[in-house]
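Comments concern the structure below.
The values are calculated or read from the model by the stated rules, or taken from the named source; none is laboratory data. Small disclaimer: the values here were computed from a predicted structure and weren't measured. Cβ atoms come from the backbone with ideal geometry, glycine included; neighbour counts cover every protein chain shown.
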Amino acid sequence: MIDFKTVFSVSQFARLLNDHFRTQFSAMRIQGEVAAFTKASSGHWYLALKDESAQLKAVMFRQRNVLAGFLPAVGDKVEVLAQLAMYEQRGELQLIVDVIKKAGQGNLHEQYLQLKAKLAQEGLFDLVRKKALPSVVFNLGVVTSQQAAALADVKQALARRAPHVQYTVYHTAVQGVQAAAQIIEALRKADEAGHEAIVLCRGGGSLEDLWSFNIEAVVRAVAACKTPIVVGVGHESDVTLAEFAADLRAATPTAAAELISRPTRELLADIHGLHSDLRRALRHRAQSLVQQLDRAELGLITPTAYVNSLQARLTHAVIRLPGVARRHIAQQTDGLARLGQHLIDDLGAAQTQANRTVQLLGQGLQAAQSRRMSSVDGNLQRLGSVIEAVSPQRTLERGYAFLQPGHGGDAVIRSVQQVQPGDGVRATLADGEILMNVREKTSVHGLANMDDSKSR
């Protein structure tokens, strides 16, 4: 207990108050609206939290705010875990924030965990119910927003890795109130279209942004797809319930496109390998048949007529075998040629699209350069006008003049101390010069003294 007779210095009493606040208010959860926010060059955050009738200052040091996952803005509803302290140098109370998150985020995370536990208990995420992806995909359904960066990532990955894959985009909103219903409808259409596989994807975002992929109806729609489905939502650290329900989870949309498609060069290598294996198998089969005929001929102990009959059949088979083999090889070769041509056509179309994109980017760059040059010209004109307005000639035209000694030279008279009565002075105005003689001089200080004497 403090003795009222004790006399504290300001620093001692401020430190005593600070220790008391830190002890009594060491960990508090406070919710409010961000009223002001500043990020200092040191990395620390300085902000103010308010509600309808009060406001508190707060600080969140850099080693803590790097873990926040978002940058607060004025108007954000937030929840902080903080302790109360006093900034002793100014005598101001403030909150020292340890954790900050958007208001309501905790509730969403709790809903996420509860639904995950419920669906896992039903077996919706079990490995036994997941379908195997096709070894080769030529026809793909992509469910995402037409405006999403994720779609651009998927297109780029397929063009680079597997241009032989044909895909159809099923547009849907990927966040917002209507997103869940649109995602379910898009999945239904893609599942009924007969694709070999489906990719459901979108880019990264906060828990609220990705919440459509944690809604129970969407998760069940993913699990109900008869077509093998890969889900890639957000960044590698983002994991939604739809990904648990998918047949395969991808860390990103780009990874989803890569997992679903084999590179074209690998397919071509497989085709060449199959062609070689087929030729070897045919040669081996032909050799095996000839050997069987030879063994049968050696083992015959039947009458001569039967031997002659078998010999004739053998001769006929030997004659027919090369033709059959050639026809079979020709059929396989034609099929391989058609497949190769199909791949070449797809590669040509991809190259044409890439050239068109480069041309559009070039046109956009030229337009941007033109706009930039117009902006620079306008700035130069404005700066020229400002320079002209403040030039010495314009100043003289407004009625000002500058003085120089009458005997010549470039010196400028800036003080009454530089002239004496009787000196010649040259005054320069906007349209010429005036030569004058100094009759008397009075300094500003002298004028002030004169006024004082008059007042007496």
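Just give me the residues in the stretch 32-52 being under 18 Å from Ala103 (Cβ atoms) and loosely packed, with under 13 Cβ neighbours inside 10 Å, in sequence order.
If the condition is that a residue be under 18 Å from Ala103 (Cβ atoms) and loosely packed, with under 13 Cβ neighbours inside 10 Å, then Asp51, Glu52 are the ones that fit.
Could you tell me whether the stretch 100-109 includes any residue that is surrounded by 11 or more Cβ atoms within 10 Å (Cβ to Cβ) and at pLDDT 85 or above?
yes
Quick test of your reading of the structure: His235 fulfils all but one of (1) surrounded by fewer than 17 Cβ atoms within 10 Å (Cβ to Cβ); (2) at pLDDT 90 or above. Name the failing condition by number.
All conditions pass for His235, except number (2).
Conditions (1) at pLDDT below 90; (2) aliphatic (A, V, I, L, M); (3) surrounded by 13 or more Cβ atoms within 10 Å (Cβ to Cβ); (4) touching a Cys at 6+ places or on another chain (Cβ under 9 Å), marked per residue:
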| residue | (1), (2), (3), (4) |
| --- | --- |
| Gln94 | yes, no, yes, no |
| Gln111 | yes, no, yes, no |
| Lys116 | no, no, yes, no |
| Leu119 | no, yes, yes, no |
| Gly123 | no, no, no, no |
| Asp126 | no, no, no, no |
| Ser135 | yes, no, no, no |
| Gly141 | no, no, yes, no |
| Pro163 | yes, no, yes, no |
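Run His235 past the list (1) under 24 Å from the mean Cα position of the chain (by Cα); (2) touching a residue at least 40 places away in the same chain (Cβ under 8 Å) and report the number of the one that doesn't hold.
(2)
Just checking, does the stretch 170-184 include any residue being assigned by TED's automatic domain parsing to the domain that holds Leu241, of a type in the set (Ser, Thr, Tyr), touching a helix residue (DSSP H, G or I) at 6+ places or on another chain (Cβ under 9 Å) and at pLDDT below 90?
No; the residues of the stretch 170-184 include none that is assigned by TED's automatic domain parsing to the domain that holds Leu241, of a type in the set (Ser, Thr, Tyr), touching a helix residue (DSSP H, G or I) at 6+ places or on another chain (Cβ under 9 Å) and at pLDDT below 90.
Search the stretch 250-263 for residues that are farther than 8 Å from Cys201 by Cβ and pair each with any residue that is among the acidic types (Asp, Glu) when their beta-carbon atoms are under 6 Å apart and the residues are at least 6 apart or on different chains.
Note: pairs meeting the criteria are Ala251/Glu236; Thr254/Asp153.
Specify which of the listed residues (Ala157, Ala180, Ala152) is closer than 17 Å to Thr252 by Cα, buried (at least 19 other Cβ atoms within 10 Å of the Cβ) and not aromatic (Phe, Trp, Tyr). Spell out the reasoning first.
On the way: Ala180 fails: closer than 17 Å to Thr252 by Cα; Ala152 fails: buried (at least 19 other Cβ atoms within 10 Å of the Cβ).
One residue alone meets the criteria, Ala157.
Being surrounded by 10 or more Cβ atoms within 10 Å (Cβ to Cβ) and without any contact (Cβ under 8 Å) to a residue 12 or more places away in the chain is the filter here, so list the residues in the stretch 401-417 that pass it.
Within the stretch 401-417, Ala411, Val412 meet the criteria.
Looking at (1) over 23 Å from Asn139 (Cα atoms); (2) surrounded by 18 or more Cβ atoms within 10 Å (Cβ to Cβ), find the lone condition where His195 falls short.
It is condition (1) that His195 fails.
Which ranges mark the helices (runs of 4 or more DSSP H) fully within the stretch 204-262 that have 1 or more residues being of a type in the set (Phe, Trp, Tyr) and farther than 19 Å from Gly176 by Cβ?
On the way: elements: 216-224, 241-245, 253-260.
By residue number, 241-245.
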